[in-house]
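Chemist: Can you read through this structure? Questions will come right after.
The values are calculated or read from the model by the stated rules, or taken from the named source; none is laboratory data. Keep in mind that this is a model prediction, so the values were computed, not measured. Cβ placement follows ideal geometry from the backbone for every residue including glycine, while neighbour counts extend to all protein chains displayed. Just the protein is used for accessible areas: all its heavy atoms, side chains included, with ligands, DNA and RNA removed. Shrake-Rupley method; radii C 1.70, N 1.55, O 1.52, S 1.80 Å.
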Amino acid sequence: MLNLDNDRDFPYYNGIPKMSKIGWAVLLICIPISYYANAFISTYVNDIVGSIFFMLILLIPVLYFSKWDYSLIFQKPTRDELILAVLMFLAFTAYSLIFSNLLSAYGIPDVGNSDANVITITSLIFSMMAEELIKFIPLMFLLRVFFKYTSNRRLSVISSSIITLIFFGLIHLEPTVSIFSVLLIQGAGSIFHLYVYLKTKNLFASYISHLMTDSIILIFVLFGFIA
């Protein structure tokens, strides 16, 4: 049985600390800005620089509107949080293999693996934190909205998580990929990484789980273990 800090709570949703409407607006606008900045800079410079901007465009406003109190979002992972991160990495890997093979068997196009090289793998250090923030910002915003009107914390967490996972899946949609595929793999599949955050309230723990997942995939592609 893992020993996790059950006294730690989500920030913002109950007004502790208070996030202004302007703050929420800026954070939500930063999501598409960061996404397109990453694509543009990665194309004209390289993936590492693009991923750094991807992360900073999201991270700096989050910290600014949190009055630079990073402890609201990040904690030094405990041993049990790291164990949970690894377990959820393994769970996502199994889930992804099973459903990717099922999609392939039915001829449903899946999201292809990126070209793997040292630059793309290194860029994951920054881009995976950006992707965790892309989930964190709408999750906290929706949690605040649902809790404000229902005062039901459990319902708010569940509803916010479902919408966030759908959103996260859809941002992976490409012209050659089935919407069913991204909703099943990148959307629903991300519940494993999100679960780490929901249990620990520590974005660094979910980041580690997410980073392990994408790093291992690209390393396997690099060495030819998977196509």
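Chemist: Can you pull the accessible area of SER71 for me, 1.4 Å probe, Å² to the nearest 10?
Modeler: For SER71, the solvent-accessible surface is approximately 50 Å².
Chemist: Let me ask something additional. Measure nothing fancy, just the Cα-based angle from helix 79-105's long axis to the longest principal axis of the chain, in degrees from 0 to 90, nearest 10.
Modeler: The answer is roughly 50 degrees.
Chemist: Can you work out the base-10 log of I(q)/I(0) for the chain at q = 0.10, 0.15, 0.16 1/Å, using the Debye formula on its C-alpha atoms alone?
Modeler: Debye curve over Cα of the chain, log10 I(q)/I(0) at q = 0.10, 0.15, 0.16 Å⁻¹: -0.46, -1.07, -1.22.
Chemist: If DNA, RNA and ligands are ignored and the probe is 1.4 Å, what is the ranking of TYR36, TYR95 by accessible area, most exposed first?
Modeler: From most exposed to least exposed: TYR36, TYR95.
Chemist: Report, in degrees rounded to the nearest 10, the 0 to 90 angle that the Cα long axis of helix 21-44 makes with the longest principal axis of the chain.
Modeler: Relative to the chain, helix 21-44 is tipped by roughly 20 degrees.
Chemist: With a 1.4 Å probe and every protein chain left in place, work out the accessible area per residue of the chain in Å², rounded to a whole number.
Modeler: Dividing the accessible area of the chain by its residue count gives 53 Å².
Chemist: For helix 191-200, what angle does its Cα long axis make with the longest principal axis of the chain, in degrees from 0 to 90 and rounded to 10?
Modeler: Orientation of helix 191-200: about 30 degrees from the principal axis.
Chemist: Which order do ILE31, ILE125 take when ranked by solvent-accessible area (1.4 Å probe, heavy atoms of all protein chains), largest first?
Modeler: Output order, biggest surface exposure first: ILE125, ILE31.
Chemist: How much accessible area does LEU72 have with a 1.4 Å probe, in Å² rounded to the nearest 10?
Modeler: Approximately 40 Å² of LEU72 is accessible to the 1.4 Å probe.
Chemist: Using alpha carbons only, how many angstrom separate the centre of the stretch 162-205 from the centre of the stretch 15-52?
Modeler: About 18 Å separates the Cα centre of the stretch 162-205 from the one of the stretch 15-52.
Chemist: Carbon and sulfur atoms: what percent of the 1.4 Å accessible area of the chain do they account for?
Modeler: Its accessible area is 69 percent carbon and sulfur atoms.
Chemist: I'd like to compare 192-200, 4-12, 177-185: which one has the highest average count of other Cβ atoms within 10 Å, and what's the full order after that?
Modeler: 192-200, 177-185, 4-12
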